[in-house]
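Heads up: the structure comes next, in structure tokens.
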Amino acid sequence: MNQAVQNYVLPNGNEPIVEWLEALQDIKGRAKIRARINQIRAGNPGKFNTVAPGIMEMKIDFGPGYRVYYARVGKKVILLLCGGDKQTQRADIKKATELLSDYKRRMQEHD
């Protein structure tokens, strides 16, 4: 079952996950991360952990231990929040939690 994958968009239009991916110097790592995102799109989340309420961590076993943080929005939408690696994990989880809270708040304002 295919999943709709969306990037979290800041009020200024920036997308943290895109900015992180584009800033990665590791071209092979970037390709592996994109492949895992496509795997989610195809309905196969692979290896992941719930790291905070509503926040999942997708591990990419490559390089410094890349991670992508995402949330489920409804039944069919995966919201990509931000990314990082093992070294920045705590800060990245905090950032993902803040981004998801902001997303929920802004969605309520639009309802």
(request) Round to the nearest 0.05 the FRET efficiency obtained for K28 and R90 when R0 = 30 Å and r is the Cβ-Cβ distance. (result) 0.70
(request) Considering Cα pairs under 8 angstrom that are at least six residues apart, work out the relative contact order of the chain and quote it in whole percent. (result) 26
(message) Taking 22 Å as R0, compute the FRET efficiency from the Cβ-Cβ separation of K76 and E19 and round it to 0.05.
(response) 0.30
(message) Using Cβ counts within 10 Å as a stand-in for footprinting exposure, how do E109, E15, E57 rank, fewest first?
(response) E109, E15, E57
(message) Quick check: net charge around A4, other residues with Cβ under 13 Å of its Cβ, Lys/Arg +1 and Asp/Glu -1?
(response) +4
(request) Putting +1 on Lys and Arg Cβ atoms and -1 on Asp and Glu Cβ atoms, find which of C82, G13, A23 reaches farthest to the positive end of the dipole of the stretch 4-110. (result) C82
(message) Can you divide the C-alpha Rg of the chain by 2.2 N^0.38 Å and report the result to two decimal places?
(response) 1.01
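FYI, it's all coordinate maths here, none of it is from the lab. All values derive from a computational prediction rather than experimental measurement. All Cβ positions, even for glycine, are placed from backbone atoms using ideal geometry, and neighbour counts span all protein chains on display.
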